[in-house]
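None of the figures in this text is laboratory data; all of them are computed from the coordinates on show. Here the structure is a predicted model, which means the values were calculated and not measured. Please note: Cβ atoms are built from the backbone with ideal geometry, for glycine as well, and neighbour counts cover all protein chains shown.
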Amino acid sequence: MNEELKFDTRSIHGGQEPDKAYGAVMPPIYQVSTFAQSAPGDHQGYEYSRSGNPTRAALERSLASIESGNYGLAFASGLAAMDAVIKLLSPGDEVLSTNDLYGGSYRLFRRVFEPLGIKFNFTGMQDVAALEPLINEHTRLIWVETPTNPMMNVIDIEAVAALAKKHNILLAVDNTFATPYLQRPLELGADIVMHSATKYLGGHSDVVAGGLVVRDKDLADKLYFLQNASGGVCGPMDSYLVLRGIKTLHLRMQRHCENGEAIAKYLETHPKIDRVYWPGFPTHPNHDIAKRQMDGFGGMISFVTKKGDLEDARRIVSALKVFTLAESLGGVESLAGHPASMTHASIPKEEREKSGVTDGLVRLSVGIEHADDLIADLAQALG
Ligand SMILES: *Cc1c(COP(=O)(O)O)cnc(C)c1O
């Protein structure tokens, strides 16, 4: 859809047309549960808003367009979107997943789907060659999050896609951190792209929503069946908010990237900082892959101070004034978080620390304020 248009144009016009009723340029918020039928089964394309709603459909076409896919599906949250993907599987099936991933994703896999008989194998995926021995005849899905949250490791999507194809396994990529402005997994061979639209796509910290995009019609039909049958759909108002956010995604991402770079470089030279995790550094272990598969390095940064303990991390995030201490990421405003006690608290400490999420780790979602103010804020908080 609109493949010939550039990304910036697709983020505004992709899959959109003036509304049929009055030519409204933005799709109206069809805040309605049901649609009149002139005879049983005779309607204008919509019958009940769980099955389909024009505002949601506009968002779904936009998602498909910006992710270079054919079919989009919008959900009530990122986790509702993931829930639909895992429901493609059956008891006895196995999933190979990134080990350093969003805490809620880990909880969904371990606490909801494992008791239902689906097995999850968590592993680092920076070394793709080490993945093949972990595949067996039950492996049905590979779940990749890249850059990883919060350690900012980068996984080679194209290489994992080749491996998945070879073994006839589905590959799903959580593209929440990078956004399609920086990385389009379907172009690299992935089968499913997943988003927490709550983050950069919405972009204004005012909505919780999720999305899936695929190219294959069969897969789209199966996911649509699950979306409708389980019912975790994105409401009309939320669909509208995400769609509105997507229209400025390219502009916001440019500034997120610029500010991210300025802050990563500032932190790297700060005498009190031990390590900064940001894929834009040439010294980052996966920098070459990041450069190849991403069009920029984004505004997500994690760091550890030289003290590196819980007290120091808590002191810093509490002292910030322009950065807000809060869960979530990807909004216009800068946020700071403490993964071990916030976003990743649902992962057992031992499991967490294996992937580097220590008590001293601080994560920043760099917003689109002026970089000077953000740096001054970090300077005062680091003391
Ligand atoms: C927030 C987030 C999710 C979950 O999305 P919700 O919209 O909160 O349900 C999944 N993956 C990543 C990377 C996230 O940041």
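For the chain, the longest principal axis of the Cα atoms and the long axis of helix 236-246 meet at an angle of about 50 degrees.
Can you tell me the convex hull volume per residue for the range 176-315, based on C-alpha atoms, in Å³ to the nearest whole number?
Working: hull volume 20.5 nm³, N = 140.
Hull volume over Cα atoms, normalised by residue count, gives 146 Å³.
For the chain, the residue among GLN126, VAL193, LEU79 whose Cα projects farthest onto the positive side of the dipole built from Cβ charges is LEU79.
In loop segments of the range 13-105 as defined by DSSP, the GluC sites (Glu not before Pro) with at most 15 further C-beta atoms inside 10 Å of their C-beta are GLU47. Highest mean packing first, where packing is the average number of other Cβ atoms within 10 Å per residue, the peptides 307-313, 158-164, 128-134, 265-271 line up as 158-164, 307-313, 265-271, 128-134. Name the residue, out of PRO279, PRO147, PRO91, whose mean-square fluctuation peaks in a Gaussian network model built on the chain with Cα pairs under 10 Å. With Cα springs under 10 Å in the chain, the top fluctuation among PRO279, PRO147, PRO91 is at PRO91.
Please report the net charge: other residues with Cβ closer than 10 Å to the Cβ of LEU141, K and R +1, D and E -1. Before the final figure, lay out each step's value.
On the way: positive: ARG140; negative: ASP93, GLU94, ASP191.
Net charge around LEU141: -2.
Could you tell me which of the pairs LYS321/LYS349; LYS87/LYS165; LYS166/LYS247 are separated by over 26 angstrom between their Cα atoms in the structure shown? Don't skip to the end; give the middle numbers.
Working: LYS321/LYS349 29 Å; LYS87/LYS165 20 Å; LYS166/LYS247 37 Å.
Those over the limit are LYS321/LYS349; LYS166/LYS247.
With all distinct Cα pairs included, what does the Kirkwood hydrodynamic radius of the range 250-382 come out to in Å, to one decimal, could you say? Result for the range 250-382, one decimal place: 15.0 Å.
Using equal-weight Cα scatterers in the Debye expression, the normalised intensity of the range 113-242 in log10 at q = 0.16, 0.21, 0.22 Å⁻¹ is -0.92, -1.40, -1.46. Restricting the range 148-207 to trypsin sites (Lys or Arg not before Pro) that sit in a DSSP loop and have at most 16 other Cβ atoms within 10 Å of their own Cβ leaves nothing.
Remark: relative contact order (the chain) = 17 percent; criterion is Cα-Cα distance under 8 angstrom and separation of 6 or more residues.
Highest-first packing order for the peptide set 114-126, 171-183, 208-220 is 171-183, 208-220, 114-126, based on the mean count of other beta carbon atoms within 10 Å.
Within the P(r) computed for the range 319-369, what percentage of the Cα pairs occupies the region above 14 Å? Cα-Cα pairs in the range 319-369 separated by more than 14 Å: 50 percent. Seen from a random direction on average, the alpha-carbon convex hull of the chain projects onto 19.2 square nanometres.
Here's how it looks for ARG275: its modeled amide H is under 5 Å from those of VAL304, which are all 5 or more places away or on a different chain.
Calculated mean residue ellipticity at 222 nm for the chain: -10000 deg cm²/dmol, from DSSP H runs with n ≥ 4 weighted as -39500 (n - 2.57), summed, divided by the residue count and rounded to 500.
Let me check I've understood the local charge: for GLY299, count other residues with C-beta under 10 angstrom from its C-beta, Lys and Arg +1, Asp and Glu -1. What total comes out? Don't jump to the answer; show the numbers that get you there.
Numbers: positive: ARG252, ARG255; negative: GLU258, GLU261.
Cβ neighbours under 10 Å give a net charge of 0.
When both the range 77-138 and the range 164-183 are represented by their alpha-carbon centers, they are found 14 Å apart. Straight-line cross-link partners of LYS272 among the lysines, defined as a Cα under 18 Å from its Cα and at least 8 positions apart when in the same chain: LYS306, LYS307. Highest GNM mean-square fluctuation among HIS43, HIS138, HIS250, for the chain modelled with Cα contacts below 10 Å: HIS43.
When the chain is treated as a Gaussian network with alpha carbon springs shorter than 10 Å, the biggest mean-square fluctuation among GLY104, GLY69, GLY298 belongs to GLY104.
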